[in-house]
1. Mind counting the residues in segment 54-106 that are among the aromatic types (F, W, Y) and open to solvent by 40 Å² or more (accessible area, probe 1.4 Å)?
2. Filter segment 111-144 down to residues that are farther than 18 Å from E100 by Cα, of a type in the set (A, V, I, L, M, F, W, C) and within 12 Å of the chain's Cα centre (by Cα), then give me how many there are.
3. Going by the structure shown, is G157 outside any loop (DSSP other than H, G, I, E, B), out of contact with any Ser or Thr (no Cβ under 7 Å at 6 or more places or on another chain) and small (G, A, S)?
4. How many of the residues in segment 7-21 are within 11 Å of the ligand (Cβ to nearest atom) and among the polar types (S, T, N, Q)?
5. Within segment 135-191, track down each residue that is farther than 23 Å from Q83 by Cα, loosely packed, with under 15 Cβ neighbours inside 10 Å and aliphatic (A, V, I, L, M).
6. Taking segment 110-149 on its own, how many of its residues are free of Cβ contacts under 8 Å to residues at least 12 places away in the same chain and within 11 Å of the ligand (Cβ to nearest atom)?
Amino acid sequence: METKEENVKLSRFISKILRHKPETIGIQLEHIGGWVDVNELINGINAKGKFFIDRPLLERIVASDSKGRYSFNADGTKIRANQGHSVDVVIEMEHRQPPEFLYHGTAWRFIESIMAKGLIPGRRQYVHLSPDRETAVTVGYRHSRPEQPVILKVYAGQMAADGYDFMISDNGVWQIAHVPPQYLTIMQEGE
Ligand code: HQG
């Protein structure tokens, strides 16, 4: 029987392959689009011996992913992660006017550095921003646990007016190369 926990582990492994380390199963991502052949992915995962996967299971993982992390191409022969890559691939994203405010959840231990250098992408290609405070709390909690995250309000509308380029991935995550500190404020509780 397939369990939810097993599928979460498998999904994490797929994320690792499609965003960070395709070499784990001896494959490469296409430079444009970050695509991989679905059969190569399935065969590569099975050859590793840690998980068993077939096409129906892969389709269930893609369809049920809470953040829409993966997409098939139009004819279903290829798959990719929609965002979050650290490897050098070009993911086509829509350039779009952002809302007035976006949000970023993080841990207190990063704040001194963030307020000095701004938000920088770290090992990913872009800084990820959340459309609402609630989402930012979930993202930030990954780093701050068991403490509460810090939520930064990003003056996205002002940034766009100043010429900064905002993109949104196919699964609705806002991305930007850098957020200088003057466009950030720490949100107070109840704000
Ligand atoms: C921090 C998940 C020090 C930044 C989530 C963050 C998201 C700095 C960490 C997605 C800094 C990077 C991305 C600076 C930024 N000094 N620290 N100047 N600038 N940071 O995990 O945004 O499950 O790479 O605050 O839902 O937390 O992977 O980025 O704490 O959408 O699909 O450096 O990951 O999605 O951490 O999360 P991450 P993130 P998935």
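The values are calculated or read from the model by the stated rules, or taken from the named source; none is laboratory data. For clarity, every value in this text was computed on a predicted model and none was experimentally measured. Note that each Cβ is placed from the backbone with ideal geometry, even for glycine, and that neighbours are counted across all protein chains shown. Protein only, heavy atoms only, side chains kept; ligands, DNA and RNA dropped before computing areas. Shrake-Rupley method; radii C 1.70, N 1.55, O 1.52, S 1.80 Å.
1. Here the count works out to 2.
2. Matching residues across segment 111-144 total 1.
3. Judged against the criteria, G157 is a match.
4. The total comes to 2.
5. Of everything in segment 135-191, those that are farther than 23 Å from Q83 by Cα, loosely packed, with under 15 Cβ neighbours inside 10 Å and aliphatic (A, V, I, L, M) turn out to be A161, I186.
6. So the first thing to find is which residues in segment 110-149 are free of Cβ contacts under 8 Å to residues at least 12 places away in the same chain, and the list is 112-113, 122, 134, 142, 145-146, 148.
Now drop any that are not within 11 Å of the ligand (Cβ to nearest atom), which leaves 112-113, 122, 142.
Total meeting the criteria: 4.
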